[in-house]
Amino acid sequence: MLYVKNLHKSYQSGSKSYPVLKGINFSVAKQEFVAVMGPSGSGKSTLLNCISCYIPFEQGTITLGGQELKGLDENALAKVRNEKLGFVFQDFMLLDGLSVRENILVPRIIQGKVDQDAEKLADKLLSLFGIDHIAGKYPADVSGGERQRTAVARSLINRPLLILADEPTGNLDSKSSRAVIESFENARAKLGASIFMVTHDSYAASFCDRVILLKDGVVYDTLEAGHGRGEERQAAFQDRLLGAIREMSSASPGDNPSGSRNYDNNTESNAPAHIDPGSRNYNGGTENKAPAHIGAGTETPGSAERRDTK
Amino acid sequence: MTTLKSLEKQLQKTDRKQAVLYLFCNFISLLLITAYSAMMFSPTVLEVFPEGGDSRKQMVAIFVLALFGCVVFTIYASNLFFRKKAKQLGTLMALGASGRRLLPGLIREVFTLSAVSSFAGILAGFPFILILWNSFRLFLTDSTQMILTIDFRCLYLSAAFFVIVIGFSCLNAYRCLKRTNIMEIMHEEHRNEPVKEPGTWCGPAGILLLLAGAALGYIAPAAYMKLFSAYPTAWINLLYAPVFVGLYMIMLHTVVYGWRSRKKHPYKNLIARSMMKFQGKQTVNNLLVSTVLIGGSVFGIFYIPMLSVGQAMEVNARPYDYFYHYRTDQSIPGKEEIAALAAKYSLAIRDFNNAPYVSLAMDGITEVEDEGRSFHYERIPLLNEAKFFPESSYETLTGEKISVEKGSYMAISNTDETNTYFLNLTASTLTNMVTFQTLPVSFAGYAHYDFLADTRGYYVLNNEDYETIAAGLTPDWTGTAAVFNMEGGDSYEFARDFFCTLISSFGPECEMPSYYDRVEKYYKNQKGEVYWGDTPDMTRISFSEPDTSEFRSFWKYMPKIRILDQTDFTRTFSVFLMMFLFIAIICSLAAMVISYTRCMTILLNNRYVFDDLKRLGASPGFLIQEIRGQAGPVFLIPAAVGMSAMYLLYLLLMYANDGKLTAGEIGGMAVCLLILAAIAGIYFLVYRYTVKNMCRQLDIDRKQKRRSL
C-alpha cells in the first residue's frame, strides 16, 4: 500500500547541503502497524514528513495506494493528505476554537462532506476511543491523553489508507500513552487502518508488527514482531528491540547488520539516552514509581530494561 | 459548521486576542500618521512655517522618521499576527486544505481587519488632533493664528499608508500559504529568531559609528560645497546613514550582551537575557524604532526651550525698553507724542535718544548659481542694502565711543561674534543709491553691541565718510533709530498702544519683510531680471495682522519692545511651539505604544517559560526580576540612547553653528536637561505600568513578593 523507494532528502543551510535521508526503501502493507525508531537526527521525522507530503524531497519515489506522490501539484497533494492519510502529532495540533467533536470532523469539513455518515462516524469514533463524554468540550479543557485520542479519532474520520503518527506518546504520561496505543490497535482491528508511527518509545513500538531502525539516514535494520499473541509476544519484542537499539548505537557509522543476530537482552541496559528503553511502567495504567534499576516484579531476561508490563 | 468558510469564521472568533492586538497596532499607526499629516499639511501650520525654512525641514524630517517607525511597527504587527495564525493554517493544511483554498478566507480576514483598523485610525486621527490642538489653545496659549484649519489633501498620505497596510498584510497572507514546507508553517509560532552574535566590539563600535555618522552628515554638505563649488543634492543626507547602523549595532549589543558586566553575577537575569536573544531580530528592530521615535520626540520638544530661553535671555538683557527705527519720509511719533501717549497710561519715558542713519548699497562677494547645481563666487557691485550709522550716532545710541578709520566700516555684532552670517564683510565700495556716488571702503572689524546685532544688519562709518556718502540722499534712503526707557514700570497696554500707533504711522511702501532689498531689486531690474521679492515666493507682511509670527519676526521696521516681546512670545510663536510639542507628543506616544506592545509580545510568546519557572519553584520575586529584565531594556535602552544621542546632536549643532556656545544656548540646553528628566519620569511610569500589567497577565502576586521580601 505504501512503497518508499530510494528516498533522498537533504536540507540546505546557506550554501551547504546536509543529506538527511540517503536512499530509504521500505513498504507498509494494508492493516499493518509499522514503527520507525532511531536516534535523534537519524531522519525519522523527515521521513514521516516526506510521506505526509509536508516537505518536498529530491530523489526517490513514494507510492501510496498506487499513486505516485512525487510531481503532484499543491492541490493534488492536499487531496492526498485529506483523503488517503490521517495524522497524529506529538503536540496534538487540535484547533483551540473547536470542540472535540468538531475537531474530529475537520478533515471532513475540508473535504466538504459533512453528511450523516460523517456525523455517525464521528460519534462512533468518540465512543470507540472513550471520549464521547468530552465531545462538547474544548481542547484546552481536556487531558493530554484525551486530546491525543481526539487526534487519533480525527485521523480516522476520512477512512484513510494510512495513519501517520509522529511521536504520538511523546507528550503523554504512561496511562495516556497506553490509551493512545490501544486506540491505534482498535483503529486497526475495527476500522482496518494501517499505521506508520515514528517513536522513541520502545514500549509503544513493541505493539507494532514491524519496526524499522533508522540510523544516519539509512535503514539500519528491520525487526519483525514474530508470532505469538498478547503481552508475552509484546514483551519479547520489546527485548529484541532494545537489543537491536543497543547494537545500533554501538555500531560504527555506515555499519549495517549482517548474518544472524541475537537481540536477546540479558545484560545491563546500554541503550543510548536518546532512545527511551522503556523507562515507564505501563502496568495497566498504574505507574510504578520505583526507579529503573530496582526490579519491579519477577526478574525475567531483560526485565531490568523492559519493565513489567503485566 | 459544515463548510470551510464556516470553520474559518469560527476559528476567527477564537483568534480575537491576536486580532485585537493587530487592530490596535494598525489603528495607532494610522491615527498617528493621519494626525501628523493633517497637522503638517494644515494651512495653519504651512502659513507660519516658512517654505524652505529650518523649522519646516525639521518638521518634515521628524515626520519621515515617524512614518518609518509606523511602517516598521505595522510590519511587526502583521508578522506577529501571522506567526500566531500559522499554527491554525498549518494544521488545516496538514489535514488536507490546500493553500489555494485557504487563501481567500485568509485574505478576507486580514483585509477586513486591516481595512477596519486603518479606517478607524484615519477617522480617529482628526478628532485626536482637534482635541489635542484645542487643548493647547485652552490650557497653554491661543492666538488668531492658532485656529486650526485642515486641508483634507493630507488624506492622500493616510490613504497611501492604508494601501501599504492592506497590501502588506495580504502579501504576508499569500507568502504564508505559498510555502511548501507545512511543518515550517505549523511551527512558525515557536520559531526563534536568534541574532548572530557579533562580538563584544559591536556596542562600542556602534557608538563610534553613531557619532561619526552624525559628524559626517553634518560636515558633508559644507565640505561638498567647498570641494566642488556646487550645492549638494538631498541625497547627501544619506551620509547620516551610519547613525542608523550605529544605533542598530548598539541595540544588537544590548540584546546579545547587555551593558552591565556579568563577571560578578554571571547568572543574573540569565533567563530574561536568553529570551531576548532568541527573539533577537524582532527585539532589535523594535528597540531601533523606539529609539528613532524617542529621538524625534526629543528633537521636537527641544525646539521649544531652544527658541524661548535664548529669546527670553536676549529680551531681558536689552539696555532699552523700546527701540524703533523708521525712514525719514514717514511721519512717526516723536519724543513728545510718545511721552503724551505714555501719560495717558500714567507712565513717563526717560533716556530718549535718537540718531540718524542712511541706507546705502554695498558691493561684495557672494555665491552665484551657474548651470545645474554648481556655483562660483563673484563680486557683485550692488549686492545689498545696509544701514550705516556715523560714529556719533553709534555713540548716542550705545553710549560707547567708537573710532572708525576713514575709508573703512565696522559691522555691529553681538559680543560673542556669533550669528554674523548676515553681515557683509567683503565690501569694497559703498554706493549712494540716489546720486550713485561711491565710497571705497574696507572691513575694519566688529563693533560689539548686542542690542543692534540682528538680521537687519547695522554698520558704522567714519563721521566724515558718512557725511560725504550721505550727501544727496532722499528721505526714503535715510532714517532714524530711537530708543527710550520707561520711568518706573512699564505697562502692556501702553506698549500695545505704542506698537499700533507706530504701525499706523507707516505708509504702505514700508509694508515689507526685512529681507526685501531695494538695492538687489534695482540691480536685478537693471539686468532685466525679476527680483524674487516681487514674486509670490516672498513672505507677505500685512499691517492688518500685527500679531502674527510673520509680522513680528520679519517686518522690516519691527520695533523691539521688551514688555510686548516678553508677554506675547508664546502667542506669537504659538504655532511653532505647539507644532513641535505636538510632534513630541505623537512620537513619544508611538514609542511608548511600541515598547508596551513589545513587552506584551515577549510575555505572550514566553508564557510557558514563566509557567515552567513557577513549577520549578521560582518565587514571585524571582519572576518579577525576570520580567523586569525583559521590560527594562525595552524601555530603558531606546530612551537612554534616543535622549542622549539627540542631546549630543543638539549640542553639536549649536556649537558647529558658530564655533561656540552662547549664553542663550547654554541656558536652553540646561532647560532641555530638565525636560529630559521629566520625559524619563513619564517613561518610567509607563514602564512601571507595563511591568504591573505583565505580572497580572502571568498571575504573579506582586504583594506576595513584597511580603516574601
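Here, each number is a calculation from the coordinates, and none is a lab measurement. What you are looking at is a predicted structure, and each value in this text was computed from that prediction instead of being measured. FYI the Cβ positions are ideal-geometry reconstructions off the backbone, even for glycines, and counts take in every protein chain you see.
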For this session: Report, ordered by chain and residue number, the lysines lying within cross-link reach of B:K406, taken as a straight Cα distance under 21 Å and ignoring same-chain residues fewer than 8 apart.
Result: B:K387
Seminar exercise, completed: Cβ density ranking, 10 Å radius, fewest first, applied to B:S514, B:S117, B:S574 yields B:S514, B:S574, B:S117
Exercise. So who's got an amide H within less than 5 Å of the one on A:G23, skipping anything under 5 residues away but keeping other chains? H placed 1.01 Å off N, in plane.
Worked result: A:L7, A:H8, A:K9
Exercise. Seen from all sides and averaged, what is the projected area of the convex hull of the Cα atoms in chain B, in nm²?
Worked result: 39.3 nm²
Exercise. Which whole number of Å³ per residue matches the convex hull of the alpha-carbon atoms in region B:289-385?
Worked result: 239 Å³
Seminar exercise, completed: Given 10 °C, 1.306 mPa s and a Kirkwood radius over Cα pairs, the Stokes-Einstein diffusion coefficient of region B:45-101 in µm²/s is 107 µm²/s
For this session: Mind jotting down the distance between the C-alpha centroids of region B:178-251 and region B:79-102, whole Å?
Result: 34 Å
For this session: Calculate the translational D of the protein assembly as shown in whole µm² s⁻¹ from Stokes-Einstein, where the hydrodynamic radius comes from the Kirkwood formula applied to all Cα pairs, the temperature is 37 °C and the viscosity 0.692 mPa s.
Result: 93 µm²/s
Problem set entry | Total charge dipole magnitude, chain B, about the Cα centre, Cβ charges on Lys, Arg, Asp, Glu only, Debye to nearest 20 | 6600 debye
Exercise. How well do other chains shield peptide A:100-110, expressed as the mean number of their Cβ atoms within 10 Å of each residue Cβ?
Worked result: 4
Seminar exercise, completed: Normalised Cα Rg of region B:160-236, dividing by 2.2 N^0.38 Å with N its residue count, works out at 1.94
Seminar exercise, completed: Here region B:536-670 gives, from Cα atoms, an Rg and Dmax in Å of 24.9, 79
Exercise. What number in nm² do you get for region B:318-473 if you take the convex hull of its Cα atoms and divide its surface by four?
Worked result: 11.5 nm²
Exercise. Taking all pairs of different Cα atoms in region B:1-191, averaging 1/r and flipping that mean, what Kirkwood radius in angstroms comes out?
Worked result: 18.5 Å
Exercise. Is there a simple number for the mean count of other chain Cβ atoms within 10 Å of the Cβ of residues in B:85-95, and what is it?
Worked result: 6
For this session: Select from region A:134-227 those trypsin sites (Lys or Arg not before Pro) which occupy a DSSP coil region and have at most 15 other Cβ atoms within 10 Å, ordered by residue number.
Result: A:K137
Problem set entry | Pair-distance profile P(r), taking every C-alpha pair of region B:583-635, with 5 angstrom steps and integer % | 4, 19, 22, 20, 13, 9, 6, 4, 2, 0
For this session: Report, to the nearest 10°, how far helix B:54-94 tilts away from the longest principal axis of the Cα atoms in chain B, using its own Cα long axis and a range of 0 to 90°.
Result: 10 degrees
Exercise. Tilt of helix B:663-697 relative to the longest C-alpha principal axis of chain B, in degrees (0 to 90, nearest 10)?
Worked result: 20 degrees
For this session: Could you give me the percent of Cα pairs per 10 Å distance bin for region B:224-348, shortest bin first, beginning at zero and ending with the bin that holds the maximum distance?
Result: 9, 18, 17, 16, 13, 11, 8, 7, 1
Seminar exercise, completed: Fewest-first ordering of B:V292, B:V519 by Cβ atoms within 10 Å yields B:V519, B:V292
Seminar exercise, completed: Cβ density ranking, 10 Å radius, fewest first, applied to B:T429, B:T366, B:T200, B:T548 yields B:T200, B:T366, B:T429, B:T548
Seminar exercise, completed: With 0.36 nm assigned to each residue of separation and the Cα-Cα distance removed, B:K614 to B:T438 gains 54.2 nm
Exercise. With charges only on Cβ, +1 for K and R and -1 for D and E, what is the dipole size of region B:153-204 about its Cα centre, in debye, rounded to 20?
Worked result: 300 debye
Seminar exercise, completed: Hull surface over four for the Cα convex hull of region A:3-123, reported in nm², is 9.7 nm²
For this session: Consider just the alpha-carbon atoms of region B:211-289 and return their Rg together with their Dmax, both in angstrom.
Result: 18.7, 59
For this session: Give me the net charge of B:K344's neighbourhood, meaning all other residues with Cβ under 13 Å from the Cβ of B:K344; Lys, Arg count +1, Asp, Glu -1.
Result: -2
Problem set entry | Kirkwood Rh in Å, taken over region B:420-523 so that all alpha-carbon pairs contribute | 16.9 Å
